[in-house]
Amino acid sequence: PQQRLILETAWEAMEDAGLVPAHLAGSQTGVFIGIGLNDYGRIQVPDQTLDPSLVNNYDLSGNALCITANRLSYLMDFRGPSMAIDTACSSSLVAVHVACRSLRNGESTLALAGGVNLMLTPHSAIGLTKFLAPDGHCKAFDARADGYARGEGAAIVVLKPLSKALADGDSIYALIRGSAVNQDGFSSGLTVPNGVAQQAMLREALANAGVKPEQISYIEAHGTGTSLGDPIEANALGAVLGAGRPKDKPFTIGSVKTNIGHLEAGAGIAGLIKVALSLKHGQLPPSLHYESPNPNIPFEELNLRVQKTLTPWPDDAGQRIAGVSSFGFGGTNTHIILEEAPASAPLPESATVERPAHILTLSARNEAALKALAARFAAHPLEPLADACYTANVHRSHFAHRLTVVAESASDLREKLAAAARGEQPAGVAVGQVQRSARPKVVFLFTGQGAQYADMGRQLYETQPLFRKTLDECAEILRPYLGQSLISILYPAPGSP
């Protein structure tokens, strides 16, 4: 199940990034997945005695943790590094760290990084009983903190070098400025956090990112809500980030574990995504279940506070910059520093004439999935209409079962999609199944038999980028022979003879 969940989540991540998986086949795309527990393997052999009759050809590949990453690379034909990483609770954030190194070293041209955690048997929960909150709530940095709450799920991010993302016109959630990974070493216990090591990790991450401590305005903490771990983490954060900033402007901390529980191997990537979304929207969400400060944490002295309400993210110091921490219970710590995305480049000049109607194309592997997809699209604003149609048409994979909708407005499109999801086929909606594998070519033919007229195909030229580009190329070829532009002949200015 963890392998399947990673496959599904990776596909969604690539779609969100505007990437068509088939176009990445054969590329140096790397896959880095944080994963630890494997309850599914325990289910396969429920008792402690191995019965050979229970073993089949798929047991090894179905349960080996490495295959969680390798299967994704295999199915998508990715040729970059592919690995599963297990550092316990810091696994997925370490995966991001390793992925960034791979991109910087040129091993990968694109990277998928994330983590997964599913709870399928009670065994792990029983073993973790002494760490869990009795009421099932993670109360990070609160006086009532008495343990963490387990969570499950999967998350993946798509990573590219900034220069490449800007050149490709990608939608960027956030920029990773730098990162660091270290180990607690010998401490008072194998699973006991080491504040000195955490401080060293934070300073290394700041140096790697080229960021000063006072530039950090928010920290997505490991924040498990344990009586031992929270004070150690808060004191380490305050020691490194609290000094040197005005007392009336403390940095804030929070933990996504108060929202969705501790995803263990997937915890770090959940925190990173929370911060990336917060940067994109310019808002800081609250850390839940925080009522009164933990008396073992000197908040004022450390110059930090817990984020209690949804507030705008201040940008007093220029760019908004934040950090994300994740600690493994075996002592492997990691910290990643994020910055809000740079301003997007201006969009290419739009067509001089707006199209009277737009076409949206959707596809799926079967009829039921196609209807479900239509319903999903119908629930979104789909504005601007031209952008919504372009993205769906160009940046999604095309399967055999297809739906086409012609619409003049976003509301018109949503109504027709809702009807298609119900199995109806109103005017402007076409449904079909593609049998051929070869892609047909589109040709525009002007006969040259006296049927031409002034402004013939002008709307095509003004609204269809590919047609305009091709006609402009023809005009350049013919310019030496015509003595003037073919465009001015076909589409003369108003009032010209």
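The values are calculated or read from the model by the stated rules, or taken from the named source; none is laboratory data. Keep in mind that this is a model prediction, so the values were computed, not measured. As a convention, Cβ positions derive from the backbone with ideal geometry for all residues, glycine included, and neighbour counts pool all protein chains shown. With ligands, DNA and RNA removed, areas are computed over all heavy atoms of the protein, side chains included. Shrake-Rupley method; radii C 1.70, N 1.55, O 1.52, S 1.80 Å.
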Seminar exercise, completed: Once the dipole of the range 279-410 is set up from charges on Cβ (+1 Lys and Arg, -1 Asp and Glu), the residue from the list LEU284, PHE329, LEU310 lying farthest towards its positive end is PHE329
Exercise. Carbon-plus-sulfur fraction of the accessible area of the range 62-216, 1.4 Å probe, in percent?
Worked result: 57 percent
Exercise. How large is the accessible surface per residue of the range 266-305, computed with a 1.4 Å probe and reported in Å² as a whole number?
Worked result: 45 Å²
For this session: Just need the Rg to Rh number for the chain, please, alpha carbons only, Kirkwood Rh.
Result: 1.06
Exercise. Between LEU190 and ARG42, what FRET efficiency follows from the Cβ-Cβ distance if R0 is 22 Å, with the result rounded to 0.05?
Worked result: 0.45
For this session: Mind checking which lysines have their Cα closer than 24 Å to the Cα of LYS308? Skip sequence neighbours fewer than 8 apart in that chain.
Result: LYS139, LYS247, LYS249, LYS257, LYS274, LYS280
Exercise. By per-residue mean of other Cβ atoms within 10 Å, what is the highest-first order of 394-404, 478-488?
Worked result: 394-404, 478-488
Problem set entry | Debye, to nearest 20: dipole size of the chain, +1 on Lys, Arg Cβ, -1 on Asp, Glu Cβ | 660 debye
Problem set entry | Label-point separation, ASP59 to ARG458 (7 Å along Cα→Cβ), nm | 7.6 nm
Seminar exercise, completed: Distance in nm between ARG468 and GLU291 label points, each 7 Å along Cα→Cβ, equals 6.2 nm
Seminar exercise, completed: In nm, the gap between the two label points placed 7 Å beyond Cα toward Cβ at GLN484 and ALA369 is 5.5 nm
